[in-house]
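Asker: Encoded as structure tokens, here's the structure I'll be asking about.
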Amino acid sequence: MDNLLFSADSIWTMIHGIVLGGGALLGIAAALFSLVTVRVADSANASAQRQARYLGWLTMLVAVALWLTVIVGTYVNFPPYRATPPEGLTDLSQYPKALIMSGPGTAWLHQFAMEIKEHVPWIAAMLATGAAFVATRHGQSLARDASVRRLTTTLLAICFVLVSFVSLFGVFINKVAPLD
């Protein structure tokens, strides 16, 4: 079978990685920027309250995007990746895990990168959910309470780092053994 850019598996991979994962990364970056700029002298003014409300919505959107990314990756993209080839098959191009594991130079992609991709995104989604809870529940105090702002910033920063590394691993894996 030829590599098709727009096969069902390829489209789901793009939705998973570019639309959902990329959108979540952009949302996390925007939320982090918003947390830096939310520091105002008068947190009671309408502008600061509006910004805190928007930050709450943004963090909820990020959490939803990450959960969708994790769910699509786990239940839509992962099963075709793990498909077992029939005995004696020499062309492993339709079996990404077997293709990656067949070469000593690429086996690490499954043994390390894919194992990371299977577990770390769940942690990132949970951290984003925690940040969304803090930002919506304590949104009004983000401007005046440094500890609440620091907690939310820390959760989102850790989430950003985790998602960035997982995304990079996904690019490596997809480069060597794309889902067609």
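Asker: Leaving out ligands, DNA and RNA, what percent of the accessible area of the chain is carbon and sulfur, probe 1.4 Å? It would help to have the intermediate numbers written out before the result.
Answerer: Values: 6850 of 9910 Å².
Carbon-and-sulfur percentage of accessible area, whole number: 69.
Asker: Which value, in debye to the nearest 20, gives the size of the charge dipole of the chain about its Cα centre, when Lys and Arg are +1 and Asp and Glu are -1 at the Cβ?
Answerer: With Lys and Arg at +1 and Asp and Glu at -1, about 940 debye.
Asker: Considering every Cα-Cα pair within the chain, what fraction, in whole percent, is farther apart than 20 Å?
Answerer: Cα-Cα pairs of the chain separated by over 20 Å account for 56 percent.
Asker: Find which of ALA48, ILE28, ALA113 sits farthest along the positive direction of the dipole of the chain, computed with +1 on the beta-carbon of Lys and Arg, -1 on that of Asp and Glu, about the Cα centre.
Answerer: Among ALA48, ILE28, ALA113, the one farthest towards the positive end of the dipole of the chain is ALA48.
Asker: Can you give me the accessible area per residue for the chain, using a 1.4 Å probe, in Å²?
Answerer: Result: 55 Å² of accessible area for each residue.
Asker: Which of the DSSP-defined H helices in the chain satisfy a minimum axial length of 27 Å, computed from C-alpha atoms, and a minimum mean Kyte-Doolittle hydropathy of 1.0? Spell out each step's value before the answer.
Answerer: On the way: long enough: 46-72 (39 Å, 1.09); 115-137 (34 Å, 0.60); 146-176 (45 Å, 1.59).
Counting only whole DSSP H runs, the qualifying helices are 46-72, 146-176.
Asker: Based on the mean of other beta carbon atoms within 10 Å per residue, what is the order of 85-98, 8-21, most packed first?
Answerer: 8-21, 85-98
The values are calculated or read from the model by the stated rules, or taken from the named source; none is laboratory data. Note that the coordinates shown come from a computational prediction; the quantities given were computed from them, not determined experimentally. We place every Cβ from the backbone using ideal geometry, glycine too, and count neighbours over all the protein chains shown. Ligands, DNA and RNA are excluded from the accessible area calculation, which covers all protein heavy atoms including side chains. Shrake-Rupley method; radii C 1.70, N 1.55, O 1.52, S 1.80 Å.
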